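Below is one structure; the comments refer to it alone.
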Amino acid sequence: MFSWFKYKNYQIFWKEYSKKFKQKQPKSFENTRFVIFDTETTGLDIYNDRILSIGAIGIFNHNIDVADSYEVYLKQEAFKAETVEIHGILKEGKLTKLPEAQAMEQFVNYIGNAVLVAHHTAFDIEMINAALKRMDLPKLRNKTIDTGILYKKLEGKKDSHFNLDVLSSEFNIPKHDRHTAAGDAFITALLFLKIVSKLKKERNLHYSDLFRVSGKEGLM
Amino acid sequence: MKNTISERIFDFLKNYPPFNLISNETLLEISQNVEIQYFEKDQIIFSQNDNPHEHFYIIYQGSVRLYRFVENEKLMLDICDEGDLFGLRPLIMKESYVMGASANEETIVYGIPIALFHDIILNYPKVSQFLIASFATNTREPFSEKHKGKLFANVSAIQKIEHGFSEIQSANYNKNPISCSPDTTVQTACIIMTKNIINSIIITENDIPIGIITDKDIKTKIGTGLYKITHKVSEIMTSPVVTFHQNISVAEAQIKLLKHKVSHLCITKDGTNKTELVGILTQQDLILTQGNSPSLLIKEIKNAKDAETLKHIRTKASELTKGYLEQEIPIYFVTKVISEINTAITKKAIRLSVSEIGKEPPAKFSWLALGSQGRKEQLLMTDQDNALVFENVAPAEYNQVKNYFLQLSEKVTEKLHIVGFDYCPANIMASNPKWCISLEEWEQQFEEWITDPIPEKILLSIIFFDFELVYGDESLYNKMAKSVFKTIDKNQIFLSFLGKVTLDNPPPLGFFKQFLVEDNGENKDSFDIKSRAIRPLVDGARILSLHHNIRVNNTIARYEKLMEIEPQNRDLFESCANAFKILLQFRTSQGLANNDNGKFVDINNLNKADRLKLKSCFKPIKNVQEAIKLRFKTSQIPQI
């Protein structure tokens, strides 16, 4: 249970966050701040699994800005031995870990009203929203882009599911730090720039096209 | 806090110069502030005349074309690939770009914030040197009027550091020198010396040093009874003193002590013997700074009784060279010290040979060093190139005199061979009757080479015109030098022929900045650094010096002199001198590492940093060759 005092505190940062959406949002790629992010989790169940780490990096005017990056590891009670071999985060590792609520506050402050980009965004957003719900807060309000869907647009493909490994090979992106949240966010950021640049060249892409989801196929 | 992304950027940057020269802490800070940009093939990164960006760039993936529009014509300047830097201009001067850059293929670049680099330039002299070298070699066409003299316009801060570099290696000297007045008696002076436990005392008048007394003077002048202890110090002192200014480096001190054959240097306010004494530097001080000192080696050479001992000393000198290079002491100083040692060895070999013959030379003579030894650029053991001139003698005596000198030369070259200087395969040695001749004969010889420049004769003049006096009569040497300049002055066409030959070694780069390597023979796939990079610069300096009557042999000194004489080409000559220093250092460390003469470099074994360093030297070569082509109208010379 949360104390009233804590709840009040959450309200304050959430209020600040919400305020940022009252301003007019940018209408072009060049003026938009994109935050490319990835989460590592104990599993794929939105209700029972928990976020272990978040990695994120900003893109503005086609530049990946390393100074605008964020990386956090979370203290979680839930722990599944079988996923450790994927993400490599031990329950009692040497990394400094923050309580979930504190990490969410930092993350929300960091993203502000940026457009969120992830590979298979829906899952990562849902995980974040679930964590916010545990703090009695509403869902994120940011616009989102899924690099998986962008890629399908580029290639005109419909059904198949493309994981990050396949795409980073295809786009000649070095696969350092795969399966760390920050490493995957970085790879996704390069992927995003490359796909957008190709789409712009081949399709005369408009800013609004980025958000248009073709079809409704399951993302997970 | 953990930052996986910047750690990865750090890992990439630390493999490439100049980032490998920066402390981990600082590099991590840079890594945290990098901007990463992606470019499609042919996409423009910046255009010529664009305002300067806030970043300069290193290529992470792909390659970048640098180009320049001159009178509506697009000139390709360079192609940079992974790890190469570009867009350095805003770092050096706040001016718009003089060239454009576009992606040659799909490319990812890292933008390094210039704001963060200003402090680094100030704190890391090696970084600024690297950046200047990269900037100087990939940014300009040296002959365009517009940029003349501008290159280093805004880099006074950087240059200050380059000078400061010798201060880092500054020599320690005693800043409280003990002195006495000229009227002091020898006895009083000795009491002062004993009390202060010092082996010398400086005699000053109004704080200005006028002489010095050392333990040796007491021994040779008082102990022998020549003077009494009641005499005044001014009567036995050595005067004048050898002086130097306060910012003296170890290397400079060594050279000075060697040159004047003294054991003490007076440090004065402005470096002359007209200003106040501020300190005294002794050989002992230097030995304390460095175990294996050249002064000690010279001393050992003087005491050597045979060639075997000389060989041993020369091996120690190689160790010394290695140590110097590791300490990054400027190559110019290293070459000077090693040349002094080589000269001392040759002198000793001559003295030993004269006493072996048991008969004093029948006429005045000079022993001359040729080629790299003559230019004082010999760091490793290379072939010996030498010659001998003796004064004009009556025809009746000629044979006897010549035979004496041939016998002498035979012995000297043999000793040098034992020391480790191989015999010259082309037999350009004083022991060859052709190169052991009288002054008259030399003058005729030079005239013939200059007035009838057929290929063989030009090659000989290239070797012989870098002659330097090693031992013997100075006036003979001066007369020889004079005759060369006089004859060339009357036969300027000779320089065009010489220029033509100089151009036979084209700059060692292929179209995409690939190294041109030897494509056959035992040294296949290796790069002939001597013929393809060092020689063109040496040749360029020589022909321009002959043209201007510059009587200096050393290539760096020649370029420095040329910078004075032709201020309009200052940048060009400066870049040549810098490239030459880098190449010489490179060849020497390669030679020391592989225990050979360093002539061939195995390109595949070079790391990226070294490859970049070498590449940066090739542009000046091309530029100086272009200048020679134009100036000496070599294209009008038929193929020879």
*Compute the distance in nm between two label points, each set 7 Å from the Cα along the Cα-to-Cβ direction, one at B:Asp207 and one at B:Leu406.*
6.5 nm
*Can you work out the FRET efficiency for the pair B:Thr315 and B:His548, with r the C-beta to C-beta distance and R0 = 35 Å, to the nearest 0.05?*
0.35
*Cα centroid separation, region B:568-633 to region B:360-400 (Å)*: 31 Å
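Can you give the mean number of other chain Cβ atoms that lie within 10 Å of the Cβ atoms in peptide A:185-194?
Working: counts 2, 6, 0, 0, 3, 5, 0, 1, 6, 4.
Partner-chain Cβ atoms within 10 Å, mean over residues of A:185-194: 3.
How much net charge surrounds B:Thr224 when only the other residues with a Cβ under 15 Å from the Cβ of B:Thr224 are counted, with Lys and Arg +1 and Asp and Glu -1? Walk me through the numbers on the way to the answer.
Details: positive: B:Lys216, B:Lys219, B:Lys221, B:Lys228; negative: B:Asp215, B:Asp217, B:Glu235.
Local net charge: +1.
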*Just list whichever of A:Lys201/B:Lys41; A:Lys75/A:Lys133; B:Lys216/B:Lys376; B:Lys311/B:Lys376; B:Lys581/B:Lys615 have alpha carbons separated by over 21 Å in the model shown.*
B:Lys216/B:Lys376
*Could you state how much accessible area B:His231 has, in square angstrom rounded to the nearest 10, with a 1.4 Å probe and all protein chains kept in place?*
50 Å²
_Within 10 Å, at most 11 other Cβ atoms, and a DSSP state outside H, G, I, E, B define an exposed site. Report the longest part of chain B free of exposed chymotrypsin sites (Phe, Trp or Tyr not before Pro)._
B:1-510
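Among B:Met76, A:Met135, what's the order by accessible area (1.4 angstrom probe), most exposed first? Don't skip to the answer; put the middle values down first.
Numbers: B:Met76 85, A:Met135 5 Å².
So, going from the largest accessible area down, we get B:Met76, A:Met135.
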*Project the alpha carbons of region A:29-211 onto their principal axes and report the range along each, largest first, in whole Å.*
48, 31, 31
*Write down the Kirkwood hydrodynamic radius of region B:551-595, to one decimal in angstroms, obtained as one divided by the mean of 1/r over all alpha carbon pairs.*
11.3 Å
*If we sort B:180-188, A:102-110 on the protection proxy, mean other Cβ atoms within 10 Å, highest first, what's the order?*
A:102-110, B:180-188
*Working with all protein chains in place, sort B:Asp422, B:Asp217 by solvent-accessible area computed with a 1.4 Å probe, largest first.*
B:Asp422, B:Asp217
*asked:* Roughly how large is the A-B contact in terms of buried accessible area, totalled over both chains, probe 1.4 Å, nearest 100 Å²?
replied: 2100 Å²
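Quantify, in whole percent, the carbon and sulfur part of the accessible surface of chain B (1.4 Å probe; protein heavy atoms only).
Numbers: 13830 of 28580 Å².
So the carbon and sulfur contribution to the accessible surface is 48 percent.
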_Extension gain, B:Asn199 back to B:Glu566 (0.36 nm per residue minus Cα-Cα distance, nm)_ = 127.3 nm
*Within 10 Å of each Cβ in A:167-180, the average number of Cβ atoms from other chains*: 2
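Excluding A:Val115 itself, what net charge comes from residues whose Cβ is under 11 Å from its Cβ, given Lys and Arg +1 and Asp and Glu -1? Walk me through the intermediate numbers first.
Numbers: positive: A:Arg33, A:Lys143; negative: none.
Residues near A:Val115 contribute +2 overall.
Using only the Cα atoms, what convex hull volume per residue in Å³ does chain B have?
On the way: hull volume 124.2 nm³, N = 640.
Each residue corresponds to 194 Å³ of Cα convex hull volume.
How crowded by other chains is B:36-45, given as the mean number of beta carbons from other chains within 10 Å of each beta carbon?
Values: counts 11, 5, 11, 3, 6, 1, 0, 3, 0, 0.
So the per-residue partner count for this stretch is 4.
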*When Lys and Arg each count +1 and Asp and Glu each count -1, what net charge do the other residues less than 11 Å away from B:Val262, Cβ to Cβ, add up to?*
+4
_Along principal axes, Cα extents of region B:179-289, largest first, whole Å_ = 39, 29, 24
*With a 1.4 Å probe and every protein chain left in place, tell me how much accessible area B:Lys175 has, in Å² to the nearest 10.*
130 Å²
*Which percent of Cα-Cα pairs in region B:177-222 sits in each 5 Å bin, short to long?*
5, 24, 36, 25, 9, 1
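Which sequence of B:Glu564, B:Glu468 reflects their accessible areas, 1.4 Å probe, from the largest down? Please report the intermediate quantities before stating the final value.
Values: B:Glu564 130, B:Glu468 45 Å².
Accessible-area ranking of B:Glu564, B:Glu468, largest first: B:Glu564, B:Glu468.
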*Between B:Asp489 and B:His260, what is the FRET efficiency for a Förster distance of 25 Å, r being their Cβ-Cβ separation, to the nearest 0.05?*
0.15
*How big is the accessible area of B:Arg535 in square angstrom, nearest 10, if you roll a 1.4 angstrom probe over the protein chains?*
90 Å²
*Mind checking the log10 I(q)/I(0) for region B:37-129 at q = 0.15, 0.16, 0.19, 0.22 Å⁻¹? Debye, one equal scatterer per Cα, no solvent, two decimals.*
-0.57, -0.65, -0.89, -1.12
*Note down the nm distance, to one decimal, between modelled labels 7 Å out along Cα→Cβ at B:Glu397 and at B:Asn174.*
5.0 nm
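The values are calculated or read from the model by the stated rules, or taken from the named source; none is laboratory data. Keep in mind it's a predicted model, so treat the numbers as computed, not measured. Cβ atoms come from the backbone with ideal geometry, glycine included; neighbour counts cover every protein chain shown. Heads up: the accessible areas ignore ligands, DNA and RNA and are worked out on the full protein's heavy atoms, side chains in. Shrake-Rupley method; radii C 1.70, N 1.55, O 1.52, S 1.80 Å.
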